[in-house]
Amino acid sequence: YKIVSVYLLIVLCLTISVNNTFANSNDEPHPLEYIYPEIGYKLVEEATSEFEQHFKQNLKLPLRVPPIEFTHYFGRFNDLEGEKNDSFEVEFISDRSPENHYKINVRPLENKIPIRDKFIMGVYDLKNENRATYMTISGFNVLVFDKDNWQYMLSIDKRASDKVTAENLVQIANSIDYPTGQID
């Protein structure tokens, strides 16, 4: 019994020593502008260009964003093996309010993600006569719709759903319908 107590005391001392070696109380977390580029995110314009070049088609992004504060936004083109899982994403985040997390995911229609009925919370009409499905998936409320050969998914963290409603996401989806001609 005494040997077990001494053994536990030694393990406890080693654990405290290891924790103090690796976790200095003065260490601060890395800012988001360092973390996101480490996992492949970059300027939205750069990621958009890579995505468009890969698929040889223009991509329109919404002109509107949710009516909440964001401190950072990043883009990423996911060029995985084969084209089935290739996609584009934009992350809008806030280092002051973690619940302020909004994402745009886009993929070609031929590789679109199927919608399961059990996740659907509503269906909305968009101004381009398409329909959008509002659903809940993995901590996010998501508006999914098809436009110009792309499947769009606009996702808002559920913790911000009192500030960003399905109607807000529909307005954001409708903001994709803008002319792309030359301005004189």
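The values are calculated or read from the model by the stated rules, or taken from the named source; none is laboratory data. Just so it is clear, the model here is predicted, and its values are computed rather than measured. FYI the Cβ positions are ideal-geometry reconstructions off the backbone, even for glycines, and counts take in every protein chain you see. The accessibility values were calculated without ligands, DNA or RNA, using every heavy atom of the protein model including side chains. Shrake-Rupley method; radii C 1.70, N 1.55, O 1.52, S 1.80 Å.
For this structure, a couple of remarks:
- Scanning the range 28-43 for residues that are part of a helix (DSSP H, G or I) and open to solvent by 60 Å² or more (accessible area, probe 1.4 Å), we see that the one that is modelled with the lowest pLDDT is Pro37.
- Candidates Lys84, Lys56 - the one that is out of contact with any Phe, Trp or Tyr (no Cβ under 6 Å at 6 or more places or on another chain), open to solvent by 90 Å² or more (accessible area, probe 1.4 Å), at positive phi and at pLDDT 75 or above: Lys56
- Answer residue from the range 172-184, given it is modelled with pLDDT of 95 or more and buried (at least 16 other Cβ atoms within 10 Å of the Cβ) and is nearest to Pro98 (Cα to Cα) among those: Ile172
- Residue selected from the range 66-78 under the condition in contact with a strand residue (DSSP E or B) (Cβ under 9 Å, 6 or more places away or on another chain) and not in a strand (DSSP E or B), by the criterion least open to solvent (accessible area, probe 1.4 Å): Pro66
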